[in-house]
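K.L.:
If you scroll down you'll find the structure; I have some questions about it.
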Amino acid sequence: MSTHEPADGADAPAAAPAGHGALVRRSHERLSLDEEFSDFYRKTIRGLTGFLVNQGASLPEAADIAQDTMVQAYRSWAGLRAPRAWVHAVASRAYIRRLAEVREEPVDSPPEPTSRLLRPNAVEEWEARHDALQWVKALPPRQRQVLAWTISEFTPAEIAEQLGLTPEAVRASLKKARRAITGTTSHGEEEK
């Protein structure tokens, strides 16, 4: 026995439990991923909501879809290659599915309408201030969709990849959308 080792082992350092280092490493990796996702969320959620509004969704509907999409993104975060494109594609598909749903209209109005907004009519006020939304909503769905992707700063090639179209088809839809909006705004100014 060495003179440096205690006889009964009482002063020997406690050994870390087996796998403790791996657990600590995974914990740090998870914290890093959470911070990375939080940063992405803060930078992306408003633009994603606006993207859906540009496709024709109401503001509350767009906010719901964007939030649901971000939940999905968080669950898949470690495996996402291009998260910004991914959330836009998932949100766009969710909005299209929502458009295709059969919606029931209530016979009676709710007993007391509630809103998460401070002012229940704030959405209508916001939309009224943004006349361009009305022009965009008047476009056919494909043109509205391509325009929304373009406003969110995706290139025609990126849009084509996400929507399963050719870049030429994307450019053609975008050109038609721009012409329609330009014609609408010119016509509206002539009437004034």
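Coordinate-derived values only; no laboratory data. Fair warning: this is a prediction, and the values are worked out from it, not measured in the lab. Note: ideal-geometry Cβ built from the backbone for every residue, glycine included; neighbour counts use all protein chains shown.
K.L.:
Using the alpha carbon gyration tensor of segment 24-98, what are the three equivalent-ellipsoid semi-axes (square root of 5 times each eigenvalue), largest first, in whole Å?
P.N.:
That gives 26, 11, 9 Å for the three semi-axes.
K.L.:
If each residue's Cβ is checked for other Cβ atoms within 10 Å, how do Tyr74, Tyr95 rank with the fewest at the top?
P.N.:
Details: Tyr74 15, Tyr95 24.
Least to most surrounded, the residues fall as Tyr74, Tyr95.
K.L.:
At 0.36 nm per residue, minus the direct Cα-Cα distance, what do Leu33 and Arg75 gain on full extension? Give it in nm, one decimal, please.
P.N.:
14.0 nm
K.L.:
If you don't mind, another one. Want the number for Glu153 to Arg179: 0.36 nm per residue separation, take away the alpha-carbon distance, what's left?
P.N.:
7.4 nm
K.L.:
Oh, and also: What does a probe at Arg98 reach in segment 29-68, counting residues whose amide N is under 18 Å from the point 7 Å along Cα→Cβ?
P.N.:
Of the residues in segment 29-68, 44-68 have backbone N under 18 Å from the label point off Arg98.
K.L.:
Here is a further query. Arranged by the count of other C-beta atoms within 10 angstrom, fewest first, what order do Lys176, Lys43 take?
P.N.:
So the ranking, lowest neighbour count to highest, is Lys43, Lys176.
K.L.:
Relative contact order for segment 24-98 using alpha-carbon pairs under 8 Å, separation at least 6, rounded to a whole percent?
P.N.:
So the answer I get is 33 percent.
K.L.:
Would you order Val90, Val170 from fewest to most other beta-carbon atoms within 10 Å of each residue's own beta-carbon?
P.N.:
Fewest-to-most ranking of Val90, Val170: Val90, Val170.
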